[in-house]
1. Being modelled with pLDDT of 90 or more and more than 30 Å from Leu286 (Cα to Cα), is that true of even one residue in region 236-246?
2. Show me the helices (runs of 4 or more DSSP H) found entirely inside region 160-239 where at least 1 residues are surrounded by fewer than 21 Cβ atoms within 10 Å (Cβ to Cβ) and among the small types (Gly, Ala, Ser).
3. Could you check region 255-270 and list, in sequence order, the residues that are part of a helix (DSSP H, G or I), farther than 19 Å from Trp80 by Cα and either of a type in the set (Asp, Glu) or in contact with a helix residue (DSSP H, G or I) (Cβ under 8 Å, 6 or more places away or on another chain) (or both)?
4. Suppose we keep only residues that are β-branched (Val, Ile, Thr) and closer than 14 Å to Ala132 by Cβ within region 240-251. Which one would you say is surrounded by the fewest Cβ atoms within 10 Å (Cβ to Cβ)?
5. Within region 240-254, how many residues are closer than 22 Å to Leu277 by Cα and part of a helix (DSSP H, G or I)?
6. Residue pairs, Cβ under 7 Å, 6 or more apart or interchain, first in region 190-202 and under 19 Å from Asp220 (Cβ atoms) and touching a residue at least 60 places away in the same chain (Cβ under 8 Å), second open to solvent by less than 50 Å² (accessible area, probe 1.4 Å) and assigned to a helix (DSSP H, G or I). List them.
7. Please specify each residue of region 107-159 satisfying the condition of being over 30 Å from Asp190 (Cα atoms) and among the charged types (D, E, K, R).
8. From Ile92, Ile116, Ile101, Ile148, grab the single residue that is open to solvent by 70 Å² or more (accessible area, probe 1.4 Å), within 30 Å of Thr224 (Cβ to Cβ) and in a helix (DSSP H, G or I).
Amino acid sequence: MSSLALNSPHRKRNTYTWLYFLLPSIMIMLLFFIYPILLTFFYSFTNLALTGESARELKFIGLDNYTRMFQDPTVRISIWNTLIFLFGSAVIGQQVLGFLIALLMKHKNKLFRRVIGTIVLAGWVTPEIVCALCLYSFFGDDGTLNAIITSFGLPEVTWLFTVPMLTIILANIWHGTAFSMLVFQAALDDVPSEIEEAAVVDGASRWQILTRIILPYIKDSIKTNMMLVTLQTLGVFGLIYAMTGGGPGTSTTTLPIFMYNQAFINYQLGYGTAISLLLLLIGIVLSLFYIRSMK
């Protein structure tokens, strides 16, 4: 009798009930994530273009786009620029600065935390294009920074031409540090104060408390935040394009900028999609690295 109950149609229907609840999510993933990736993968093997003969007749050209990509010196420059921008603004800038701000705000009164938090959050909630225009006005030839240094009798500096990579790194740090600050604030608030008080009683210095108690306690938050800010920074486009346009020359041309130029400025969509897959591959490799380190 029990065997019949286990194998009844009603039992089988209940087994697959969970599938009905997942169907909307599965359909959305297939439509807006899996399908575009597969379509991009297909177009990367074609001569797809916006104008000219290639726009009238789509042809399968095999690995020609990938061969061209790995022979193009600008691609290597773009990869190098992307890594510099990623390491400078995400790994060092946003991560370290966000942690330091959160640490300085720890155990402070509510008014102090609200004021500092609001100031830092102002850069994060500002739309990317507005942020780019603000920083362009700050680093421009007639901008705020030159007005400050000339008031001390120093000569003007063409920041966007002399150190363009540094300017976009600082701009992205200002724009995204608040996210890291919020993550670390939540993590630091979870560190038991009793452990820190016991360490102080035992004669531990502030540096020892930081390195032997706080950092090990919040290491999972550090890794999670690192993965999130890395993936966010990897796809930054509007900030760089509005401030420097990838120039001067190719000094700030990252992979998103180079992909856009090839696909929508030079109208070579097939080549542009091949570059986008390279960017996707870098993101996947970094994600797998962070996930593995978190385990």
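1. There is no residue in region 236-246 that is modelled with pLDDT of 90 or more and more than 30 Å from Leu286 (Cα to Cα).
2. Numbers: elements: 164-189, 193-201, 206-209, 219-234.
Qualifying helices (runs of 4 or more DSSP H): 164-189, 193-201, 219-234.
3. As a first pass, look at region 255-270 and keep what is part of a helix (DSSP H, G or I): 255-265, 269-270.
From what's left, farther than 19 Å from Trp80 by Cα: 263-265, 269-270.
Scanning region 255-270 gives Ala263, Phe264, Leu269, Gly270.
4. Taking region 240-251 and keeping what is β-branched (Val, Ile, Thr), we get 240, 244, 250.
Still in the list and also closer than 14 Å to Ala132 by Cβ: 240, 244.
Values: Ile240: 25, Thr244: 23.
Among residues in region 240-251 that are β-branched (Val, Ile, Thr) and closer than 14 Å to Ala132 by Cβ, the one surrounded by the fewest Cβ atoms within 10 Å (Cβ to Cβ) is Thr244.
5. Number satisfying all stated conditions: 2.
6. Close Cβ pairs satisfying both conditions: none exist.
7. Going through region 107-159, the residues over 30 Å from Asp190 (Cα atoms) turn out to be 127-159.
Listed by number, the residues that qualify are Glu128, Asp141, Asp142, Glu156.
8. Details: Ile116 fails: open to solvent by 70 Å² or more (accessible area, probe 1.4 Å); Ile101 fails: open to solvent by 70 Å² or more (accessible area, probe 1.4 Å); Ile148 fails: within 30 Å of Thr224 (Cβ to Cβ).
Among Ile92, Ile116, Ile101, Ile148, only Ile92 is open to solvent by 70 Å² or more (accessible area, probe 1.4 Å), within 30 Å of Thr224 (Cβ to Cβ) and in a helix (DSSP H, G or I).
The values are calculated or read from the model by the stated rules, or taken from the named source; none is laboratory data. As the structure is a prediction and not an experimental result, all values here were calculated from the model. Neighbour counts run over all protein chains shown; Cβ positions are idealised from the backbone, glycine included. Please note that ligands, DNA and RNA were not included when accessible areas were found on the heavy atoms of the full protein model with its side chains. Shrake-Rupley method; radii C 1.70, N 1.55, O 1.52, S 1.80 Å.
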